[in-house]
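Please read the structure below before turning to the comments.
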Amino acid sequence: MADDTEDGEVELEARLAEQDTFEPSDAFVEQANVSDEGIYEEFEDPEAWERAADLLDWDEAYDQVLDESDAPFYEWFTDGKLNASYNCVDRHVENGRKNQAAIRWEGELGETKTYTYLDLYNDVNEFAAALRDLGVGEDDVVTMYMPMVPELPIAMLACARIGAPHSVVFAGFSADALATRMNAAESEYLVTCDGYYRRGDALNHKEKADEGLRGVEHDVETVVVDRLGDELKVFLGEHAHDYGELVDAHAGERVDPVPRDAEDMLFLMYTSGTTGEPKGVKHTTGGYLSYVSWTSHAVLDIKPEDTYWCSADIGWITGHSYIVYGPLALGTTTLMYEGTPDYPDRDRIWEMVDRYQVDQFYTAPTAIRAFMKWGTKFPERHDLSSLRLLGTVGEPINPRAWKWYYKHIGDEECPVVDTWWQTETGGMMVTTLPGIGEMKPGSAGPPLPGISAEVVDVSGEPVGAGEAGYLTVNRPWPGMLRTLYNNDERFVSEYWSEYSDEESNRWVYFPEDGAKLDEDGYITVLGRVDDVLNVSGHRLGTMEIESAIVGVPGVAEAAVVGGHHDVKGEAVYAYVITEDGYDPNDELRGKIIEGVEDAIGPIARPEAVIFTPELPKTRSGKIMRRLLEDIANGDELGDTSTLRNPDVVEDIASRVGGD
Ligand code: WT7
């Protein structure tokens, strides 16, 4: 780092740069939840997943750990009954831990709130009573469109209590995105809020929610949380209710947790795929909750007395699994932060780690790259010695960023877990176990115990050490998605068609990631092999962005690809052909950007819009995205000989250069 000028520092940097394996410290291993290597062997038997189920309290015991009779529609912990809200809240109150902090929340402007397990119990019960009163019944999907306010996990747990699956839509998504998801889930209930703060400014969120509701084809009852008080007064329409008034009207009420079948849906989460239509990933009560509890215990090393912080947004799966369900099921203190990491200054995160004495910190490589860019002086202002473990998720982490995190945040004392997983997998799949495994920066590690992940070639044969191929998973696991909502067919075709052999009843899950295997069985995930981009750890479908762009008047055709970006990992590059009579000018460029923000949200905003008279196409008319990627990255252009229009490539490249 530029500001590390002392000789000792330089030497240390040089040593770190060369070191490619790291061992967890003895101090960490001694206290780790899981430190016996025998665990890998133990999990070769699927019955071992009982260990995960045993972390929960069941109302009725299950008959069978795994039912494979209708693969790939696997079932876990069959006929068992439990309630997720009871497991995340009530049982900790009953176990004499009512005064322990469950959620510590901090707003961007510095306001703080602490919810003990008893507070959470009261609030969840009251809101569950309110939801019932609004008409929410078991299996009704309740949509939540909220930023990082404490009412979000409260509402999720209230839904879980009454057996109503939730569908959380990331608050940064657009009104259109909300409408699409509510229509797809036929969701008749929405919990949202008036607004929130971003970099000190109050944003009106209700306006966006209302606009979304105008696109919903059926009636919706809406509950609005008042986050901004006098700062923003919103008008509640006919079918809208004030959250505060509702819970006041149900003060002190109790709602018995509904015993749910292990296979009953806990929630839906929409995610992007290859086609324009988002996929409604279905997660269950028994399998999902067992899985996130187990991985929180084994990988994040969470203990009830810890203060644990995952800096993701609850609007994504990371927040569901590792801010809300996993940590609360284990009865720990989970920290929730509303704002951005650089407000009011670039040491906000480290200041909070110090003040809350955070034990584990879990974030994304894009954040680590930003911290690196900002420099070591920000973490150095604070005492980070409370940290025991660091984690990363969402995209590949380059060894340099890994080492920076290990040294400047973890002081070379904390193991770093690089956890590969997806919305669909429910929880972590490939990572070292922090109390056991040697760490290799840049490589996620071996599959977790019981996870049979394999890197295969195009024909499905396992690759050898040192080779690259496609990541696959050839045994089921409790946290797996059960189907795509209302679309079993797409579930099978999206995930189980590539490498499965239906005739021999051999089912292989295909996550659409490329990967490389090393001689120790460690897996380095290389990134998506489908038309999905990963921008700052957020998953975006190129088709979704393209269809937003061609919806803009004046656009004839569009192709979207990902280009390298230092901080975001990938950035959106849009190549656009205009219609006759439209000028490819800045005004149109502005409209295109706006069109993308309206259809999806600011996260999908193109880094560059490149106008071109033609797109490179094969003779069969397929757009050659690889070439467009090369152009975006300024790389040497790949083979153009199969193109119908080879000249167009140089022409586009010159436009990017001169843009
Ligand atoms: C995709 C899933 C898992 C929660 C956040 C993203 C990429 C995820 C890693 C990692 C390399 C990773 C993959 C995956 N990814 N974690 N540790 N190393 N790549 O969930 O939105 O469902 O995206 O994120 O490409 O397929 P998601």
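The values are calculated or read from the model by the stated rules, or taken from the named source; none is laboratory data. This is a predicted model, so every value here is computed, not measured. Here Cβ is always computed from backbone atoms with ideal geometry, including for glycine, and neighbour counts include all displayed protein chains.
A465 fails exactly one of the following numbered conditions: (1) among the hydrophobic types (A, V, I, L, M, F, W, C); (2) surrounded by fewer than 23 Cβ atoms within 10 Å (Cβ to Cβ); (3) within 19 Å of the chain's Cα centre (by Cα). What is the number of that condition?
(3)
Of everything in region 623-656 that's basic (K, R) and modelled with pLDDT under 85, which residue is nearest to V560 (Cα to Cα)? Working first, answer last.
Going residue by residue through region 623-656, those that are basic (K, R) are 625-626, 644, 655.
Subset that is modelled with pLDDT under 85: 644, 655.
Values: R644: 20, R655: 16 Å.
So, considering only residues that are basic (K, R) and modelled with pLDDT under 85, the one nearest to V560 (Cα to Cα) is R655.
Return the residue satisfying two criteria in turn: it lies in region 303-329 and is within 11 Å of the ligand (Cβ to nearest atom) and among the aromatic types (F, W, Y), and of such residues it is nearest to A32 (Cα to Cα).
Checked region 303-329; the qualifying residue nearest to A32 (Cα to Cα) is Y322.
Per-residue answers, yes or no, for (1) farther than 27 Å from P646 by Cβ; (2) surrounded by 19 or more Cβ atoms within 10 Å (Cβ to Cβ):
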{"position": "V567", "(1), (2)": "yes, no"}
{"position": "V576", "(1), (2)": "no, yes"}
{"position": "E597", "(1), (2)": "yes, no"}
{"position": "V609", "(1), (2)": "no, yes"}
{"position": "G621", "(1), (2)": "no, no"}
{"position": "R626", "(1), (2)": "no, no"}
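Mind telling me which of the residues L540, L588 ends up being surrounded by 17 or more Cβ atoms within 10 Å (Cβ to Cβ) and over 27 Å from Y145 (Cα atoms)?
L588
Going residue by residue through region 478-489, is there one that turns out to be in a helix (DSSP H, G or I) and at pLDDT 95 or above?
yes
So which residues in region 596-636 are under 14 Å from Y573 (Cβ atoms), assigned to a helix (DSSP H, G or I) and in contact (Cβ under 8 Å) with a residue 24 or more places away in the chain?
Answer for region 596-636, where residues must be under 14 Å from Y573 (Cβ atoms), assigned to a helix (DSSP H, G or I) and in contact (Cβ under 8 Å) with a residue 24 or more places away in the chain: V596, A604, R625, L628, E629, I631, A632, N633.
I'd like the residue in region 516-529 that is crowded, with 17+ Cβ neighbours inside 10 Å and touching a residue at least 40 places away in the same chain (Cβ under 8 Å) and, out of all such residues, is farthest from the ligand (Cβ to nearest atom). I'd like the intermediate steps shown before the answer.
Filtering region 516-529 for residues crowded, with 17+ Cβ neighbours inside 10 Å gives 516-517, 522-525, 528.
Cutting the leftovers down to touching a residue at least 40 places away in the same chain (Cβ under 8 Å) gives us 516-517, 522-525.
Working: K516: 11, L517: 14, Y522: 12, I523: 9, T524: 8, V525: 4 Å.
Out of the qualifying residues, it is L517.
For W374, work out the one condition from (1) within 9 Å of the ligand (Cβ to nearest atom); (2) of a type in the set (A, V, I, L, M, F, W, C); (3) surrounded by fewer than 18 Cβ atoms within 10 Å (Cβ to Cβ) it doesn't fulfil.
(1)
Enumerate the pairs (first residue in region 97-112 and part of a loop (DSSP other than H, G, I, E, B); second residue anywhere and of a type in the set (F, W, Y)) with beta-carbon separation below 7 Å, excluding pairs fewer than 6 apart on the same chain, so at least 6 apart or on different chains.
Here the result reads K98/Y117; Q100/Y117; G107/Y197; E108/Y197; E108/Y343; L109/Y197, each pair linking region 97-112 to a residue that is of a type in the set (F, W, Y).
Please enumerate the residues belonging to region 410-451 that are within 12 Å of the ligand (Cβ to nearest atom) and of a type in the set (A, V, I, L, M).
V416, V417, M428, M429, V430, A444
Would you say L433 is crowded, with 24+ Cβ neighbours inside 10 Å and out of contact with any Phe, Trp or Tyr (no Cβ under 8 Å at 6 or more places or on another chain)? It would help to see each step written out before you state the result.
Details: crowded, with 24+ Cβ neighbours inside 10 Å: yes; out of contact with any Phe, Trp or Tyr (no Cβ under 8 Å at 6 or more places or on another chain): yes.
Taking the combined requirement at face value, the residue satisfies it.
Condition first: within 16 Å of the ligand (Cβ to nearest atom), in contact (Cβ under 8 Å) with a residue 40 or more places away in the chain, out of contact with any Lys or Arg (no Cβ under 6 Å at 6 or more places or on another chain) and among the hydrophobic types (A, V, I, L, M, F, W, C). Now tell me which residues in region 533-564 satisfy that.
L540, M543, I545
Just checking, does region 485-505 include any residue being in contact (Cβ under 8 Å) with a residue 24 or more places away in the chain, under 23 Å from the mean Cα position of the chain (by Cα), within 11 Å of the ligand (Cβ to nearest atom) and at positive phi?
Within region 485-505 (the criterion being in contact (Cβ under 8 Å) with a residue 24 or more places away in the chain, under 23 Å from the mean Cα position of the chain (by Cα), within 11 Å of the ligand (Cβ to nearest atom) and at positive phi), the answer is no, since none of the residues qualifies.
A quick yes/no check of all residues on (1) closer than 28 Å to L533 by Cα; (2) in contact with a strand residue (DSSP E or B) (Cβ under 7 Å, 6 or more places away or on another chain):
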| site | (1), (2) |
| --- | --- |
| Y362 | yes, yes |
| A370 | yes, no |
| W374 | yes, no |
| F378 | no, no |
| H382 | no, no |
| S386 | no, no |
| G391 | yes, yes |
| P396 | yes, yes |
| A401 | yes, no |
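Inspect region 391-399 for any residue being outside any helix (DSSP H, G or I), in the same structural domain as Y288 (by TED's automatic domain parsing), touching a Ser or Thr at 6+ places or on another chain (Cβ under 9 Å) and away from the ligand (no atom under 13 Å from the Cβ) and give the result as yes or no.
No, every residue in region 391-399 fails to be outside any helix (DSSP H, G or I), in the same structural domain as Y288 (by TED's automatic domain parsing), touching a Ser or Thr at 6+ places or on another chain (Cβ under 9 Å) and away from the ligand (no atom under 13 Å from the Cβ).
Could you pull out the residue among Y337, Y343 that is out of contact with any strand residue (DSSP E or B) (no Cβ under 8 Å at 6 or more places or on another chain), aromatic (F, W, Y) and away from the ligand (no atom under 14 Å from the Cβ)?
That would be Y343, the only listed residue that is out of contact with any strand residue (DSSP E or B) (no Cβ under 8 Å at 6 or more places or on another chain), aromatic (F, W, Y) and away from the ligand (no atom under 14 Å from the Cβ).
Considering only region 98-145, state which residues are among the basic types (K, R) and either out of contact with any helix residue (DSSP H, G or I) (no Cβ under 6 Å at 6 or more places or on another chain) or under 21 Å from D264 (Cα atoms) (or both).
R104, K113, R132
Going through D57, D20 one at a time, which residue ends up being surrounded by fewer than 17 Cβ atoms within 10 Å (Cβ to Cβ), farther than 21 Å from Q360 by Cα, of a type in the set (D, E, K, R) and touching a helix residue (DSSP H, G or I) at 6+ places or on another chain (Cβ under 7 Å)? Outline the logic, then answer.
On the way: D20 fails: touching a helix residue (DSSP H, G or I) at 6+ places or on another chain (Cβ under 7 Å).
So the residue among D57, D20 that is surrounded by fewer than 17 Cβ atoms within 10 Å (Cβ to Cβ), farther than 21 Å from Q360 by Cα, of a type in the set (D, E, K, R) and touching a helix residue (DSSP H, G or I) at 6+ places or on another chain (Cβ under 7 Å) is D57.
Name the pairs whose Cβ atoms lie under 7 Å apart, with the first residue in region 200-218 and of a type in the set (K, R), the second in a loop (DSSP other than H, G, I, E, B) and surrounded by 16 or more Cβ atoms within 10 Å (Cβ to Cβ), and 6 or more positions between them or separate chains?
Hits for this filter: K206/D194; K206/V234.
Sort out which residues of region 212-236 are outside any loop (DSSP other than H, G, I, E, B) and under 24 Å from E111 (Cβ atoms), and write them in order of number.
Scanning region 212-236 gives V223, V224, V225, G229, D230, E231.
So which of L12, L66, L82 ends up being among the aliphatic types (A, V, I, L, M), surrounded by 14 or more Cβ atoms within 10 Å (Cβ to Cβ) and farther than 30 Å from R490 by Cβ?
Only one candidate qualifies: L12.
Name the residue that is farthest from N87 (Cα to Cα), counting only residues in region 254-273 that are among the hydrophobic types (A, V, I, L, M, F, W, C) and within 16 Å of the ligand (Cβ to nearest atom). First the steps, then the outcome.
Step one: list which residues in region 254-273 are among the hydrophobic types (A, V, I, L, M, F, W, C), which gives 255, 258, 262, 265-269.
Checking which are within 16 Å of the ligand (Cβ to nearest atom) leaves us with 267-269.
Working: F267: 16, L268: 19, M269: 21 Å.
The qualifying residue farthest from N87 (Cα to Cα) is M269.
Here are the criteria: (1) in contact with a strand residue (DSSP E or B) (Cβ under 8 Å, 6 or more places away or on another chain); (2) under 15 Å from E338 (Cα atoms). Tell me which single one R198 does not satisfy.
(1)
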